[in-house]
Structures are given as structure tokens and as C-alpha cells.
Amino acid sequence: MSFYTSLSGLQASQTDLAVISHNVANVATNGFKKSDAQFTDVMAASFATDPTKQVGSGVMVKANRQQFKEGNYNTTANALDLAIQGDGFFAVQSPGKGPLQYTRNGAFQVDQQNYVTDVNGGRLQVIPVDVDGNPTATGLDGLTSLQLPATSGQPVATKKVSMDLNLSSTTVAPTIAFNRSNMGSYNNTTQTKIYDTSGNAMTLTNYYVRKPLEKDAQGNDIPTADGSSAWLVYSFVDDQQLTTNGGSTNPVQLTFDANGNMTAPTKAVAFDSFTPHTSTTAQPLSIDYTGTSQAGSIFSVASRTQDGKAIGTLSGLSVGNDGLITASFSNGETAKLGKVALADFVNMPGLRQQGDSYWQATGLSGNPVIGTANQGSYGAIRSSTLEGSNVDITEELVSLISAQRNFQANAKALDTANQISQAIFNIRS
């Protein structure tokens, strides 16, 4: 009988050693949770057995219990590296629509189809939201795989440009005819990015030329009677000059009174429709100079706007503490894509370990309860952060020594039982 008692002790110690070794092997595994082997004694008795004379029959492994305390948090440069500060699991699903898996390893990336996945290819599950970031679904049936949009919005052709400038009153008018290739033939210039009907970018270049005053017989400037002055503006889209009044290439004239206030034009200047080199569709364009002035200070642009827009390409991603994922696009638009779904369980140690840092729900753990970060029992989401293993290497090494000692003690007990048996065999001889 003592043989089997000692054998159960050896088996229990081997299990303990295996559990500890597994913990040590995963000391660097993100999101790993250590386990502890828990034992219970074995007693064999009947109703007629005197309780004062019972002898134990050894030990058995009662449970390999997982410990779900948090690991250390490590900062990264990837916005899709996520950690949960508190309770909860990320929910992921394989592309084959298999059962949901749960993980604490938040090292996510973007695959070729723009899905956000973990290193195993499992797609991160999120709760859909409206434009204000409010959830529009609940529970397991409301989850969806997070797929990042490659673009945003529709292209809008530029129809109107607004310019608020200051043209210096001390500027001397050029003495040669305008030639955009000769910088001495104009005083100032502005460049504005505009868009065609397909969202392709073009450059609107305006050249500002101080209009010379009339000269007297001696070649001196003759001031105007009311002190007014004027500027000429030549406008080009890329290398194509804009025209007015059905094809005229005459420049637009800006007129200022003696106080530097613009008196003409009084409304936006409408140019003839033009066909850009980047498109086959003609588009109109107007420039509004409202607010432009002429003062003694240097040339400056107070404000400049245009109403066109290109298709936005994905340029950035952010994840808030509440799990709200927001995408940024090159055209300045933003879009709320969903909230990271978190799963919680009534009995977390009842989860079945699947490997690959995955857990699966069981009857012991109960069904997952889906929610979002910072609500109820769910923890907060930390972006650009990964949760490390919760294994304490020092603690595990001490436990390893203890398990080795227990194994040696049981081996010694087995050896002693063998010697006793040998002594009994020797009585007959």
C-alpha cells in the first residue's frame, strides 16, 4: 500500500514540476497567466472504519488553477498594441467564423485585407458605434470584426477660393511687362492647392503686380486725384492661365482707396470654366478677395480657404481609454470605427487554455458577458501598451526547489518501503 502512496506523491510532484516549468517557459509571453498546481489528500475508508485508525492513501492533483492577476505593462510605439488595465479579455475570431476566442495578448496588427488581427490571424471584435461614438449594438450577436477603411469621403472639385491678403502700399511697381518666368515682373505670389472633379490636386498660382501710375513729361508718377491705387492679378492653374469674359487673358484688377480699403471688385471674380490637365471634365472657379487691404506693412496672407476636397487615405489611428477607435484621413476627416469589445466571466479560472494565448469559454467559466472599457467591472484600454506575463521568476524558482524536494522525499519513502519489503522476503530465507 505504501508503494502506491509514495507513487502518488511522485506523480503529484512531477505535475507540480511540469506546471512550474510551463510558467517559467512563458515568462516572456505577452498576456500569459501563470498556473498553480493544487493538491488534496486521498483517504480510503468505509462506514465501519474507526476514524482514529484511518491511514491516508496518498495525494492527487485537485486542480491546475490559473491566476489572473495582471502582468507588467510595457510601452510600445504601435497604437494597435492594446492592454486591459483591469478585468476583461479581448474577443477575437478566426476568418473561418469559428468560435470566439479570448485573449489578454493585445499585440494587434493590420492584415492585407485591412482587418485588425493578432499574430495568429484572429480578427479583433468590436461593438459598432454611430457617428458620435455611441454603441449601436450589444451582446455577442452585435460584435463585428474590425476592418479599417482605406479611404474616406468623396472627391469635391474646387469651385471657390477665398483670399484675405495685405498688399504693401510701399511696393514699387515693376517696370517690365508681366512674365511669370521673370520674378522681376511681379511683386508677390501665392500658391493654393485645389482639386479637380476626381480629387486630384492642382496648384492655383496668383501673381500680384503693382499697377504703375501715369507719368508726367519728366517721368515722375502722377498721383490719382482721390489717392486710389490698383494691383493686377494673373491667375494660373498649374501652367494654364485662367480667363474671364469668354477667353480674355486680361488680369483681374484690385482697386484700393486712399485708406487702403479695397473698393473693387465687390464680389467674387468668376473665371471661365477650364479643363485641368488631370481631368477631362471642365470646372468653374471663382476667387473672392473680400477683406483684402493695402497697408504699409509687408505682403501677408491673413487667411486662405478653398471648398474642394480629395479622397482621404488612412493616415492614423487612435484608441481611447474607453476603447473607442478613431481613424484619421489625409483629407482631414475622421471616422469612429467602433469600440473594442471586452468579455468578462463569472469564473475566470474555469476558462480552458487553448494555447496561442487563447482561452475558450466552458461550463465552469460561464458564458461571456460582453461590454466596453471603463464600464462596470471592465478595465480601461491602454493604447501603445502591452501586458506582459504575470509570472514572477523568483517565486517560480523557489517553487521549483520546493517541488524538487518533495519529489526526492517521496522517492526516499518509496525506497524505504522497498527495503522493508526486501527485509520481509529475507525472513523466509
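Looking only at region 385-425, count how many residues are under 30 Å from A83 (Cβ atoms) and open to solvent by 50 Å² or more (accessible area, probe 1.4 Å).
Looking only at that region, the number is 7.
When residues of region 334-348 are filtered for being in a strand (DSSP E or B), under 30 Å from Q360 (Cβ atoms) and not β-branched (V, I, T), how many remain?
6
Would you check if there is a residue in region 228-237 being over 19 Å from G291 (Cα atoms) and assigned to a loop (DSSP other than H, G, I, E, B)?
No, there is no match, as no residue in region 228-237 is over 19 Å from G291 (Cα atoms) and assigned to a loop (DSSP other than H, G, I, E, B).
Can you tell me which residue is farthest from A295 (Cα to Cα) among those in region 165-189 that are open to solvent by less than 40 Å² (accessible area, probe 1.4 Å) and within 46 Å of the chain's Cα centre (by Cα)?
N188
Of all the residues that make up region 62-106, how many are among the hydroxyl-bearing types (S, T, Y) and open to solvent by less than 30 Å² (accessible area, probe 1.4 Å)?
2
Restricting the search to region 215-259, which residues are over 28 Å from L285 (Cβ atoms) and open to solvent by 80 Å² or more (accessible area, probe 1.4 Å)?
Once the filter is applied, which keeps residues that are over 28 Å from L285 (Cβ atoms) and open to solvent by 80 Å² or more (accessible area, probe 1.4 Å), region 215-259 yields K215, A217, Q218, N220, D221, P223, A225, D226, N259.
Would it be correct to say that S399 is among the small types (G, A, S) and modelled with pLDDT of 95 or more?
Answer is no for this residue.
Working only within region 265-324, note down all residues that are open to solvent by less than 30 Å² (accessible area, probe 1.4 Å), in a strand (DSSP E or B) and touching an Asp or Glu at 6+ places or on another chain (Cβ under 8 Å).
Scanning region 265-324 gives V269, Q283, G312.
Being in contact with an Asp or Glu (Cβ under 9 Å, 6 or more places away or on another chain), hydroxyl-bearing (S, T, Y) and closer than 28 Å to A268 by Cβ is true for just one of T171, T136, T158. Which residue is that?
One residue alone meets the criteria, T158.
Return yes or no: is N331 within 20 Å of T103 (Cβ to Cβ), touching a residue at least 12 places away in the same chain (Cβ under 8 Å) and not in a strand (DSSP E or B)?
no
From L10, L100, which residue is of a type outside the set (K, R) and under 25 Å from A417 (Cα atoms)?
L10
I'm trying to understand the selection: among the residues of region 340-353, which are surrounded by 13 or more Cβ atoms within 10 Å (Cβ to Cβ) and among the polar types (S, T, N, Q)?
Matches in region 340-353: Q353 only.
Would you mind stating whether R382 is open to solvent by 10 Å² or more (accessible area, probe 1.4 Å), basic (K, R) and under 15 Å from Y73 (Cβ atoms)?
Here the answer is yes, as R382 does meet what is asked.
The values are calculated or read from the model by the stated rules, or taken from the named source; none is laboratory data. The structure presented is a predicted model; accordingly, all values stated were derived computationally and were not measured. Every residue, glycine as well, gets a Cβ built from its backbone with ideal geometry; the counts of neighbours run over all protein chains shown. Ligands, DNA and RNA are excluded from the accessible area calculation, which covers all protein heavy atoms including side chains. Shrake-Rupley method; radii C 1.70, N 1.55, O 1.52, S 1.80 Å.
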